[in-house]
Amino acid sequence: MKLLVVKDKFIPHGRISLIGDKSIAHRALIIGALSCNKTIIKNFPIHDDSLATLSTLDALGVKIKRNKNQVLVWGIQGLRKPRKPVFVNNSGTTLRLILGVLAGTDFETKLIAGKYLSARPMSRVDKPLRLMGARISAKKRGAEEYPPLVVRGGKLKGIVYRLPVASAQVKSAILLAGLSALGKTRVIEKIRTRDHTERMLKTFGANITVNKNSITLNPDRKLKSPGIIYIPGDISSAAFLAVLAVIIPGSKIVIERVSLNPSRCGIFNVLKRMGAKIKVVPFKNKRGQNFEPMGDLIVSSGKLKHVVVKPAEIPSLIDELPVFMVAACFAEGKTVIKGAGELRFKETDRIKSMVTNLISMGADIRSVKSGGLENIIINGKGLLNGAKLRSFGDHRTAMSMVVAALAAKGSSRLDDISCISKSFPGFLTTLRSLLR
Ligand code: S3P
């Protein structure tokens, strides 16, 4: 347990580049492991979640070699029954995506999770995989299922599935299972979620087509690696630094080579609507980034006005909503985030964690249920006060509160920041590098 005390305000200035995007890294590893040749993954991020996917694949017999931020994955020999239960730590993406892969194997695997992931719902992914023919047993509490899970792979058949929740993890698990199913698999989304799996599968030569909200996978082609995959900087990590630069007067930062995937850019679209000064400079040289767009972000401070975030936008900034709530406290007027209920099912209940912390800093923030949606209402005061803060064991709550504390009047204490290693171990070092 680590305690962080933030005393002084600072004005961020400078140029930074970030480790690779977490979501893309999981997919590069998993799909690389399923292909018939070698993949070199560059700018691979090293944190708890990416290491969880790495060690899971290692336990399943995949040959992987890592040298700093470069990973070599051999997808030649197929997966093998693990010798013991596989621990996926607290990485929800690892667990849900690998479940889709294991659904089509001919052996049994037990997947166990860390404390936080063990409390997160799994029936959303178990259900469609069972419809495809997978045999999955899980810990039950009421109508919901939780890790540990035992998956007995088998012969799968393709399905047509309408996602009841907007979840890229569930969509990806179904598509990955579809690779070893008989016949086509189609996933239909109400609201489009991040499309990294679709892009990565296409890059590896899969027969996958996207038509508006409908994704169809035909498993008639072998996956073949393009050889090298460069992972652009993590847009979710960039969001903490961008919000900091937007809300602290006098700031100006450049974040280089960030992922600009449109299905992830919600935070920047919404901040720009609030009047934030964010300039996007797309990479001109398209070589090596054929599957995921990237570019530089130039962010400087400016006045913010209130905004309404619509339900259809939520998946494009779901992980950035905690830090967005901090930005909204510094905006003028009433900001409404509509349909944010999925935040309750993340590493912690992020509505509770953020509302509790921001209220203790003097914010006017509340959640309201209306018309089947959960909305968050923030009346911006242009100011927060230092306070005693809690991370709730959640990396994104912790980093959002560091941002809030740096912009607040007076000093703050944050109880535990060890969770930051889940996605951005270099967060504090990066912040320090922006000190003038
Ligand atoms: C992710 C999808 C999102 C997101 C998570 C990463 C992914 O989860 O919150 O951090 O990589 O597919 P859901 O699919 O549960 O919305």
For the range 231-313, run through the trypsin sites (Lys or Arg not before Pro) and keep only the ones in DSSP coil with at most 10 other Cβ atoms within 10 Å of their Cβ. LYS284, LYS286, ARG287
How would VAL308, VAL165 rank on accessible area, largest to smallest, probe 1.4 Å? VAL308, VAL165
What do you get for Rg/Rh of the range 22-230 when both radii come from the Cα atoms and Rh is the Kirkwood radius? 0.93
Please give every one of the aspartates and glutamates within straight-line cross-link reach of LYS338, meaning a C-alpha to C-alpha distance under 12 Å, and leave out same-chain neighbours fewer than 8 residues apart. GLU313, GLU374
List the lysines whose alpha-carbon lies under 17 Å from that of LYS409, not counting same-chain residues fewer than 8 positions away? LYS7, LYS9, LYS381, LYS388
Going down the list LYS157/LYS369; LYS127/LYS310; LYS63/LYS171; LYS284/LYS422, which pairs span over 30 Å between their C-alpha atoms? LYS157/LYS369; LYS284/LYS422
Over the chain, with neighbouring protein chains present, the accessible area per residue in Å² at probe 1.4 Å is 40
Rounded accessible area of LEU60 (nearest 10 Å², 1.4 Å probe): 0
At most 12 other Cβ atoms within 10 Å and a DSSP loop assignment: could you name the trypsin sites (Lys or Arg not before Pro) in the range 39-131 that fit? LYS68, ARG80, ARG83, LYS115
Distance between modelled label sites at ASP58 and LYS334, nm, 7 Å Cα→Cβ extension: 5.3
Counting DSSP beta bridges with both partners in the chain, what percentage is antiparallel, nearest 5? 70
Starting from the residue with the highest accessible area, list SER301, SER400, SER55 in decreasing order, probe 1.4 Å. SER55, SER301, SER400
Once both label points are put 7 Å beyond Cα along the C-beta direction, the ASN269-HIS13 separation in nm becomes 3.5
Between VAL308 and ILE188, how high is the FRET efficiency from 1/(1 + (r/R0)^6) when r is the Cβ-Cβ distance and R₀ = 30 Å? Nearest 0.05. 0.65
Please report the base-10 log of the normalised intensity I(q)/I(0) for the chain, using a Debye sum with one equal scatterer per alpha carbon and no solvent, at each q in 0.09, 0.12 (1/Å). -0.54, -0.98
Using only Cα atoms, locate the centre of the range 1-69 and the centre of the range 416-436, then give the distance between them in Å, rounded to an integer. 15
So for R0 = 25 Å, FRET eff. of ARG80-LYS110 from the Cβ-Cβ r, to 0.05, ends up at 0.95
Hey, any idea what % of the range 22-230's accessible area is carbon plus sulfur with a 1.4 Å probe? 52
Calculated FRET efficiency for the pair ARG221/THR429, C-beta based, R₀ 60 Å, to 0.05: 0.90
Separation between Cα centres of the range 208-278 and the range 89-107, rounded to whole Å: 24
Can you tell me what share of the DSSP beta bridges in the range 158-285 is antiparallel? A percent to the nearest 5 is fine. 70
Fraction of antiparallel bridges per DSSP, the range 52-199 only, in percent to nearest 5: 70
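The values are calculated or read from the model by the stated rules, or taken from the named source; none is laboratory data. Please read these numbers as outputs of a predicted model, since none were measured by experiment. All Cβ positions, glycine included, derive from the backbone under ideal geometry; neighbour counts span all protein chains shown. Only protein heavy atoms, including side chains, enter the accessible area calculation; ligands, DNA and RNA are left aside. Shrake-Rupley method; radii C 1.70, N 1.55, O 1.52, S 1.80 Å.
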